[in-house]
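Colleague: Here it is: the structure, laid out below.
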Amino acid sequence: MRRFNWLLALVCAGFLSLAPWPAAHAADPDKVLHYAFVAPETGFDPAVTRDLYSAEVIQSIFETLYTYDYLARPAKLVPQTAVALPEITDGGKTYTIHLKRGIYFSPDPAFGGKPRELTMADYVYSFERLLDPKLASPHSWLFEGKVVGFDEAAARARETGHFDYDAPIPGFELVDRYTLRIHLKHPDYNLGMILAHEPTSAVAREVIEKYRDASGQVMAHPVGTGAYLLSKWVRGSRIVLTANPGYRGFIWNFKAGSDPGDRAIVAAMRGKRMPQIGKVDIRIMVEDQSRWLAFLDRQIDLLELEGPLAPKALVDGHLRPELAAKGIRLSRIIDPEISYYYWNMQDPVVGGLSPAKIALRRAIAMAYDVQEEINVVWNGEAVPLQYPIPPGVVGYDPDYVSSVHYHPRLANALLDRYGYRRGADGYRTLPDGKPLTITYTARTDSNGTQESEMWKKTFDSIGIRMASNLMQFPDILKAEKECHLQMRTSPWIADYPDGDNFMQLFYGPNIHQNNNGCTEIPAYDRRYEASQRLPDGPERDRLYHQMARILEVDAPILIGYARYRNMLAQPDVIGYKKHPILHCEWLYFDMTKPKRDRSSTP
């Protein structure tokens, strides 16, 4: 966290003039974006973090080979550090990627005072870190079963407890310093999008080896090639990013899509050298009302308007006239996400595939009114889903109808049939007569409290005791990765816009990664593996439909909803539009010079 002061010292001493990158360009230190996270971050190591808020910072500091066009809808893959999109040969099993030359990591003592150029070896090292058993990365699934030699290297690392970074993996062929050839076991039609996902960002081996902790992680000292540097971090409270003076920049030249508002963005932004914003000041503000009041006081420039706050700003999905009159603008999309409810399939009470356990989960699912949660908790700012793939994602089926429906009377009858008897107090026991209590875990904020109250009402309606477990968001992520939570509402926003990114959530080998319910159903896993070998189309869709039915029959989850993402921008913000896949957009928009004193910013 002292990197920023160290960088300033170098500037003052004139040492940065030795670097081959150009001098600082358009980013203006007087242009400060004030932003708020609705939940705490966990840290900034691309290989291990898995929360949205940390990802926003990671995308600012590190770079992947590919990214997404700012305005194109649906999301369009474009090069970031790569020269062009991959050259695909060998029937889709070989990807050749060329790296831009002259890209440098930000200065750091790990580099011994010398400029450090980005090479393809850095990407290979970053991919290999996902295999290191010491790291226990939740992202190894991105390459598992796909890249030649990847699984074998993972098996050796598990046997020895040590990953050998100097032993080459055949599937990552370094042709030269700037060329990588990836050899796949079978065609993977999502590889380009995987290489745009932040866990595949380039890190430098010298930095990792200098700053890693006992588990191999570097959460507090991110050093990348991206547009911003981490200059301040007070964990769970404040994050400050400053423009990287060594960043190469780019000229804003995106084309308007079908959205009428795109033309105004193009007119305001075309030809500008990016980034324009010199500083991003992020506060972690868990309470809805605090964020709203800070926005009204213009202490926040860009506000994520979650459902509980929606009535204060929106009427029927449109910005209130009094806010529009102040120059405030709304960018609104249905997030490419699913919020689903899972039961821990390894838990002795709710887990397992015996008829009685399936009946318990299915009864709970039928007793829960998803639409009521949307109305009460999210103020209508979500759409109910019946399919595991949400709108805006390849593979979504708007005509699919789930076999699971809200029906409390049948839910009670199902529990009666399978021996979950009511006692004198009205609450049910397990079929063996032992007490039955289910613990529901949620965040400590107002949303989590409301969700807990909704589920308590549901459990009472079917005679099951519920215990409420409110936890901090980072602690929830840690606990569910270890299969320690019994039940939770779990949101998942697309890492890349393909159905594979959602169907993998319930794939057995992804337990301890993204399979939060620790689900392992052989019939589902076989179909998922078969779907991996297919492009988008009717054959893959048939497998996805079968997998969705398996989830309904065995009931490890209940599909819930996709939320609207409403982003409010102050008049000072120029050219902002919420992107469905990119987590943060401040690299792509601008701000006016401040005309007010913000010394009272919280």
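What follows draws every value from the coordinates through simple rules; no lab data is involved. Computed from a prediction, not measured in an experiment: that's the story for all the values here. Because the Cβ atoms are built from the backbone with ideal geometry, glycine has one as well, and the counts that use them run over all protein chains shown.
Colleague: Of the labelled options (i) 192; (ii) 224; (iii) 157, which one gives volume of the Cα convex hull per residue in Å³ as computed for this structure?
Modeller: Comparing each candidate, only (iii) matches the computed number.
Colleague: Can I ask one more? What is the percent of Cα-Cα separations in the stretch 53-224 that go past 29 Å?
Modeller: When every Cα pair of the stretch 53-224 is considered, 17 percent fall beyond 29 Å.
Colleague: Another question, then. Calculate how large, on average over all directions, the projected area of the Cα convex hull of the stretch 190-250 is; give the answer in nm² to one decimal.
Modeller: 6.1 nm²
Colleague: List the aspartates and glutamates whose Cα lies under 16 Å from the Cα of K577, skipping any in the same chain that are fewer than 8 positions away.
Modeller: Candidates past the 8-residue exclusion: E56, D69, D259, D262, D301, E304, D335, E585, D590.
Colleague: Once you place label points 7 Å from the Cα toward the Cβ at E322 and V401, how far apart are they in nm?
Modeller: Roughly 4.5 nm, to one decimal.
Colleague: Can you check what the Kirkwood hydrodynamic radius comes to for the stretch 77-119, Cα pairs only, in Å to one decimal?
Modeller: Across the stretch 77-119, the inverse of the average 1/r is 12.4 Å.
Colleague: Report, in deg cm²/dmol and to the nearest 500, the calculated mean residue ellipticity at 222 nm for the chain, where each DSSP H run with n ≥ 4 adds -39500 (n - 2.57) and the sum is divided by the residue count.
Modeller: Rounded to the nearest 500, the figure is -7500 deg cm²/dmol.
Colleague: Okay, moving on. Under a point spin-label approximation (7 Å from Cα along Cα-to-Cβ), what is the Q546-A356 distance to one decimal in nm?
Modeller: The modelled label-to-label distance comes out at 3.2 nm.
Colleague: What is the chain's relative contact order, in percent, from Cα pairs under 8 angstrom and six or more apart in sequence?
Modeller: 19 percent
Colleague: Between H512 and D176, take the C-beta separation as r, use R0 = 30 Å, and let me know the FRET efficiency to the nearest 0.05.
Modeller: That gives a FRET efficiency of 0.25.
Colleague: Taking every pair of alpha-carbon atoms in the stretch 337-563, give the share separated by more than 26 Å as a whole percent.
Modeller: So the pairs more than 26 Å apart make up 34 percent of the total in the stretch 337-563.
Colleague: Hey, which lysines would be in cross-link range of K146, C-alpha to C-alpha under 17 Å, not counting anything within fewer than 8 residues on its own chain?
Modeller: K93, K185
Colleague: Let me ask you something else. Over the Cα atoms of the stretch 265-337, how large are the radius of gyration and the largest Cα-Cα distance (Dmax), in Å?
Modeller: 14.4, 39
Colleague: Quick one: which residues, 5 or more positions from G419 or on another chain, have an amide H under 5 Å from its amide H? H modelled 1.01 Å from N in the peptide plane, none for Pro or chain starts.
Modeller: Those qualifying (amide H under 5 Å, at least 5 residues apart or on another chain) number zero.
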